[in-house]
Amino acid sequence: QVQLVESGGGLVQAGGSLRLSCTASGSIFSINVMGWYRQAPGKERELVARITSGGSTDYADSVKGRFTISRDNVKNTVYLQMNSLKPEDTAVYYCNFKRSLYEYWGQGTQVTVSS
C-alpha cells in the first residue's frame with residue numbers, strides 16, 4: 001500500500017502562482033511514476049504532468065511552459081509549480097503514484113483561479 005498526502009491548493013488570481021506538493025509513504029520502490037491529474041466540474045479527469053523516478057517528464061499541452069513538475073526521491077515527494085494560472089486551470093488536482101501494476105491516488109486538493 002502507498003499513502004499520498006497532498007498540500008498547496010487554494011485560491012489565486014489569474015496570472016498568479018501556486019505550488020502543490022505530494023508526499024508518498026508506504027511500500028515505495030525505487031522505480032515508479034508520480035504525477036498530477038485534475039478534474040474540473042463536469043469534465044473527465046485529465047493528466048497534467050508526470051515524472052518518472054529517473055526524472056523524465058510529460059506535460060499536457062495546455063500547461064506546457066507554465067507548469068513545472070519535479071520530485072525529491074529522498075523525500076518521496078513530487079511538486080507541481082504552477083505559474084501564469086488561468087481560470088481554466090480551476091479544478092481538483094489529484095496526486096498519482098504508479099508502481100508496476102499498482103496505482104494510487106491522493107484525496108485531491110482544490111485549485112481555484114479567479115479572473
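The values are calculated or read from the model by the stated rules, or taken from the named source; none is laboratory data. None of these values were measured; they are calculated from a predicted model. Positions of Cβ are generated from backbone atoms using ideal geometry, with glycine treated the same way; all protein chains shown enter the neighbour counts. The area values use the complete protein model at the heavy-atom level, side chains included, leaving out ligands, DNA and RNA. Shrake-Rupley method; radii C 1.70, N 1.55, O 1.52, S 1.80 Å.
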Note down the net charge around residue 83, summing +1 for each Lys or Arg and -1 for each Asp or Glu among other residues with Cβ under 14 Å from its Cβ. +3
Each residue of region 107-115 in order: what ³J(HN,Hα) in whole Hz does its phi give by Karplus 6.51 cos²θ - 1.76 cosθ + 1.60, θ = phi - 60°, with x for Gly and Pro? 7, x, 9, 7, 10, 10, 10, 8, 8
A correct Karplus calculation of ³J(HN,Hα) over region 37-49, with 6.51 cos²θ - 1.76 cosθ + 1.60, θ = phi - 60°, whole Hz and x for Gly and Pro, returns 10, 9, 9, 8, x, x, 10, 7, 5, 9, 5, 9, 6
What is the sum of charges, Lys and Arg at +1 and Asp and Glu at -1, for the other residues whose Cβ falls under 10 Å from the Cβ of residue 66? +1
Accessible area (Å², per residue) of the chain, counting only protein heavy atoms and a probe of 1.4 Å: 53
Based on the Cβ-Cβ distance of residue 115 and residue 45, what FRET efficiency does E = 1/(1 + (r/R0)^6) give at R0 = 30 Å, to the nearest 0.05? 0.80
I want to verify a result. In a Gaussian network model of the chain, Cα cutoff 10 Å, which of these has the top mean-square fluctuation: 44, 88, 103? 44
Phi angles of region 13-27, converted by Karplus (6.51 cos²θ - 1.76 cosθ + 1.60, θ = phi - 60°) into ³J(HN,Hα) in whole Hz with x for Gly and Pro, give 7, 4, x, x, 10, 9, 10, 9, 10, 8, 10, 9, 9, x, 7
In a GNM of the chain with a 10 Å cut-off on Cα contacts, which of 61, 89, 72 has the highest mean-square fluctuation? 61
If you take every residue apart from residue 33 with its C-beta less than 14 Å away from the C-beta of residue 33, what net charge results, scoring Lys and Arg +1 and Asp and Glu -1? +2
So in the chain, what percent of DSSP beta bridges are antiparallel if you round to the nearest 5? 90
Out of region 28-115, which chymotrypsin sites (Phe, Trp or Tyr not before Pro) are coil in DSSP terms and have no more than 15 other C-beta atoms within 10 Å? 29
